[in-house]
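The values are calculated or read from the model by the stated rules, or taken from the named source; none is laboratory data. Being a predicted model, the structure only gives us computed values, none of them experimental. Virtual Cβ from ideal backbone geometry, glycine too; neighbours counted across all protein chains shown. To get the accessible areas, we keep the full protein, side chains included, count just its heavy atoms, and leave off ligands, DNA and RNA. Shrake-Rupley method; radii C 1.70, N 1.55, O 1.52, S 1.80 Å.
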Amino acid sequence: MVTTDYSTGILQYIPFFYVIWSDDLLSASEISVVQKAIKLDETLSSEEKKQLDSWLHKDRPPHDDEIKNWKQTIATSKVKLIESDTYPLTSLSQRLVKNDELNEQLKHIEVHLGIQPNHYNHLFDVEVVHEKTSDEYDADVLDTILKGEHAEEVDEFRKFLDKPDFAWEILRDKDEFRNRVLKQVQLLGEAGYGAMAYPGTYGGTDNMPAYAAIFEHLMFVDGSLAIKFGVQFGLFGGSIQKLGTKKHHDQYLTDAGKTKLLGCFAMTETGHGSNVRGIKTTATYDKATDSIIIHTPGKNDNKEYIGNALHSKMASVFAQLIVDGKNEGVHAILVPLRNENHDTLEGITIEDNGYKLGLNGVDNGKIWFNNVKVPRQNLLNKYGEIKDDGSYFSTIKNPNKRFFTMLGTLVGGRICVARGALGGSKMALSIAVKYALNRRQFNDNVKIQEDLIMDYPTHQLRLTPKIAAAYVYHFTLEDMMKCYSDDSQPDKRKIETQVAGLKSIITWYANDAIQECREACGGKGYLLENRIADLKGDVDIFTTFEGDNTVLLQLAAKGVLSDFRAEFNSAGFASVLKLLQTQLTDKLTAINPLYSNKVDAEHLYNPKFHKHAFDYRTRRLTYTLAMRIRDYIKKGIPSYQAFLKVQSHLLALGKAYSIELSYSIFCDHIEVITDLKYRALMEKVGCLYALDQINSDARWFLEQGYIGNTKSKAIRQRVERLSTELRPHIEVLVDGFGIPKHCMSAPITK
């Protein structure tokens, strides 16, 4: 039956029914929300309730002609939809029936079904009064939540950056670019920001978490500045701080923090990449002269891609320490590179790496050492020393443990790399969103204005989940740096492994996000002036420096296999295998079919479901990986070859664990947000992240029977819906990143 003449009671529900059936996302729980509202609506007669109920059956949907009548009724009324209304759809219904008060039951439906204007403003042939963003939330409040414990330091630093020296420019000549970045780094050093992570005695505040926060902010200025800053103060100065002793601190640390002593961090070699333990540069102790001789033994054993190489006076050189003919493993030695006139010293050869895909403001170079002699005291000897009698001594007897203890002290740099990549993605997302809130395109020839591209569901879907991920990863990295900086926990092995995985997924995420932002801005995103092009080039390298992501994910997976109790690297498998026997009990119960196809909103939006899904995936991958390795070993396959056969499985486990860790940290963090309104917003943001991650790996969850086809579809639809629900707050969310206005220089954001 098609009804063409509607009573007032039914008429007020017509906009809602039109949206509901056009949305095609009616679940049992949503139908019950509408049915309950109709039942409690005292403005309706029993006949009106009966008519409305008849339109709420998925197996007997309203006739197409009925839906067309609804549309025609609304269109001919000339009533306008106003997005800025607190309850836009309820207000539309109120004006449609010329009522003085909003219907409380309609408000209930609008709120509990999460209906937002951009669900439906394309459905009505009426002029829509567009509002770029809602004022329900305050970006400053979100910014304060993100700044956390170091709000004061961050606020001061933002003001410091508001000067012409830090204004972004297009510079394509690498020498000019490098000189500008060097000047910027010197300004930061003189102002005390470089030494922030150092003890007060050496000009710092011993505040590594605040240092990481300002490092991220430098990405808003320029990627090259962030990296050169990190090399000078984090890697070079940090190696002196973390691997040296008081004599080194007293002699070098203050000058490094003030940029009076420019230095570099010479670890990576051309032929050995991420395999630090396998580097070939030697540091041989000569007892006769009480000195250490640094030497590059082969053609591809030179130091490669060393940041600050062209400007430095000194290098922290990682080399195989040989004492009395015995290789004591990798140690760091301070090696002078140039004299006061900046002339290269005897035995030192340095070449420019030349132009790169990005970061051309950083002077990367190659370094060779030809029997370069330095004093014995230049050995950074916190974990191993050459005594006055010429013998080697270390309080850590196990060479494996000594090696990983040394590397563990430098994991803060890896956290900063992830933090920098995250800063790049925040910048790109902010530019893309602000452009999408200004750019209009296409219409239906009835509306006066073209639509904002941010109002298109596809645009929301490509950007909003990535904004949600930025919030999740922000809190995750804050927590990681706080744990790393806790000196009461000297054993950094677990955190090193966790950061290896997090650095991988976050830098990959950042590259994906920046690429999506470039495309979302069309040709404007391709222009250098709009910053995204440089962000693409600059952040690209983050996936391979401070450890190649694929290698790091395998490291993280081995940590999960060994329950973080063993020392291991790219070739060390025996210690993992010793623990496999304790990992081979799969306590996972079979998934109930009712659970695998449960699709109501209350379940899908529940963090308990998300955590269970992530935990199930990590545990299942751990168990099946251990079983595969054990089976290969039983067949007589060497352990190294066994691990090669399961590399893709290792990557899957490393990624799964890292995502679970991120979400768990995020959930713990938002529990301490005291403002319930903003906690609820962050819960919705976290929900979008979790469902988007599950949706991205739906194939695996389907293969395992953890979710069924119906649930998989429902999760995908919920990702789309949440992206739309967050549309009114999209600009507030990116403004909540706290990027200073003087750094937001892209013309398309204006």
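Run TYR355 past the list (1) farther than 30 Å from ARG531 by Cα; (2) of a type in the set (Ser, Thr, Tyr); (3) part of a loop (DSSP other than H, G, I, E, B) and report the number of the one that doesn't hold.
Failing condition for TYR355: (1).
If I filter the stretch 647-658 for residues that are small (Gly, Ala, Ser), touching a helix residue (DSSP H, G or I) at 6+ places or on another chain (Cβ under 9 Å) and not in a helix (DSSP H, G or I), do I get at least one hit?
no
Condition first: part of a helix (DSSP H, G or I), open to solvent by 30 Å² or more (accessible area, probe 1.4 Å), of a type outside the set (A, V, I, L, M, F, W, C) and out of contact with any strand residue (DSSP E or B) (no Cβ under 7 Å at 6 or more places or on another chain). Now tell me which residues in the stretch 383-428 satisfy that.
ASN400, LYS401, THR405, ARG414
Which one of these does GLY329 not meet: (1) at pLDDT 95 or above; (2) over 16 Å from ASN302 (Cα atoms)?
Unmet for GLY329, out of (1) at pLDDT 95 or above; (2) over 16 Å from ASN302 (Cα atoms): (1).
I need the full set of residues from the stretch 597-631 which are among the basic types (Lys, Arg) and assigned to a helix (DSSP H, G or I), in order please.
Hits for the stretch 597-631 are LYS608, LYS611, ARG617, ARG619, ARG620, ARG628, ARG630.
Does the stretch 103-126 contain at least one residue that is assigned to a loop (DSSP other than H, G, I, E, B), at pLDDT 80 or above and out of contact with any Cys (no Cβ under 6 Å at 6 or more places or on another chain)?
Yes, the stretch 103-126 contains a residue that is assigned to a loop (DSSP other than H, G, I, E, B), at pLDDT 80 or above and out of contact with any Cys (no Cβ under 6 Å at 6 or more places or on another chain).
For the stretch 696-734, give me the residue count where each residue is among the polar types (S, T, N, Q) and open to solvent by less than 50 Å² (accessible area, probe 1.4 Å).
Qualifying residue count, the stretch 696-734: 4.
Could you tell me whether the stretch 314-325 includes any residue that is open to solvent by 10 Å² or more (accessible area, probe 1.4 Å), in a loop (DSSP other than H, G, I, E, B), touching a residue at least 24 places away in the same chain (Cβ under 8 Å) and in contact with a Leu (Cβ under 6 Å, 6 or more places away or on another chain)?
No, there is no match, as no residue in the stretch 314-325 is open to solvent by 10 Å² or more (accessible area, probe 1.4 Å), in a loop (DSSP other than H, G, I, E, B), touching a residue at least 24 places away in the same chain (Cβ under 8 Å) and in contact with a Leu (Cβ under 6 Å, 6 or more places away or on another chain).
Could you identify the single residue in LEU380, LEU359 that is crowded, with 22+ Cβ neighbours inside 10 Å, aliphatic (A, V, I, L, M) and within 28 Å of MET219 (Cα to Cα)?
After ruling out the rest, the residue left standing is LEU359.
Exactly one of these conditions fails for PHE737: (1) open to solvent by 20 Å² or more (accessible area, probe 1.4 Å); (2) in a loop (DSSP other than H, G, I, E, B). Give me its number.
Exception for PHE737: condition (1).
Looking at the stretch 671-686 only, could you name the residues that are surrounded by 21 or more Cβ atoms within 10 Å (Cβ to Cβ) and of a type in the set (A, V, I, L, M, F, W, C)?
Correct list: LEU681, MET682, VAL685.
Please pick out the residue among SER639, SER662 that is open to solvent by less than 80 Å² (accessible area, probe 1.4 Å), modelled with pLDDT under 95 and touching a helix residue (DSSP H, G or I) at 6+ places or on another chain (Cβ under 9 Å).
Criteria check complete, one pass: SER639.
Can you name the residue in the stretch 439-494 that is modelled with pLDDT under 90 and under 28 Å from GLN554 (Cβ atoms) and, of all such residues, is least open to solvent (accessible area, probe 1.4 Å)?
Checking each candidate, the answer is LYS492.
Here is a list of conditions, (1) among the hydroxyl-bearing types (Ser, Thr, Tyr); (2) assigned to a helix (DSSP H, G or I); (3) within 20 Å of LEU429 (Cα to Cα); (4) open to solvent by 10 Å² or more (accessible area, probe 1.4 Å), and SER745 meets all of them except one; can you say which number that is?
(2)
Restricting to the stretch 714-750, name every residue that is hydrophobic (A, V, I, L, M, F, W, C) and more than 19 Å from SER134 (Cα to Cα).
ALA714, ILE715, VAL719, ILE739, CYS743, MET744, ALA746, ILE748
Can you name the condition, by its number, that ILE431 falls short on among (1) surrounded by 22 or more Cβ atoms within 10 Å (Cβ to Cβ); (2) farther than 30 Å from GLY194 by Cα; (3) at pLDDT 95 or above?
Every condition holds for ILE431 apart from (2).
Among the residues of the stretch 247-270, count how many are among the charged types (D, E, K, R) and under 14 Å from LEU380 (Cα atoms).
Residues in the stretch 247-270 being among the charged types (D, E, K, R) and under 14 Å from LEU380 (Cα atoms): 2 in total.
State the number of residues belonging to the stretch 244-261 that are among the aliphatic types (A, V, I, L, M) and buried (at least 24 other Cβ atoms within 10 Å of the Cβ).
2
Restricting attention to the stretch 702-718, report how many residues are in a helix (DSSP H, G or I), over 24 Å from ILE467 (Cβ atoms) and of a type in the set (A, V, I, L, M, F, W, C).
1
Yes or no: ALA601 in contact with a Leu (Cβ under 6 Å, 6 or more places away or on another chain), open to solvent by less than 40 Å² (accessible area, probe 1.4 Å) and under 20 Å from ALA468 (Cα atoms)?
Judged against the criteria, ALA601 is not a match.
Is there any pair with a first residue in the stretch 145-163 that is free of Cβ contacts under 8 Å to residues at least 60 places away in the same chain and a second that is open to solvent by 30 Å² or more (accessible area, probe 1.4 Å) and assigned to a helix (DSSP H, G or I) whose Cβ atoms are under 9 Å apart and which are 6 or more apart or on different chains, and what are they?
ALA151/THR144; PHE160/LEU187; LYS163/LEU187
Go through the stretch 274-298 and count every residue that is out of contact with any Pro (no Cβ under 8 Å at 6 or more places or on another chain), open to solvent by 50 Å² or more (accessible area, probe 1.4 Å) and under 26 Å from THR543 (Cα atoms).
Counting residues in the stretch 274-298 that are out of contact with any Pro (no Cβ under 8 Å at 6 or more places or on another chain), open to solvent by 50 Å² or more (accessible area, probe 1.4 Å) and under 26 Å from THR543 (Cα atoms) gives 3.
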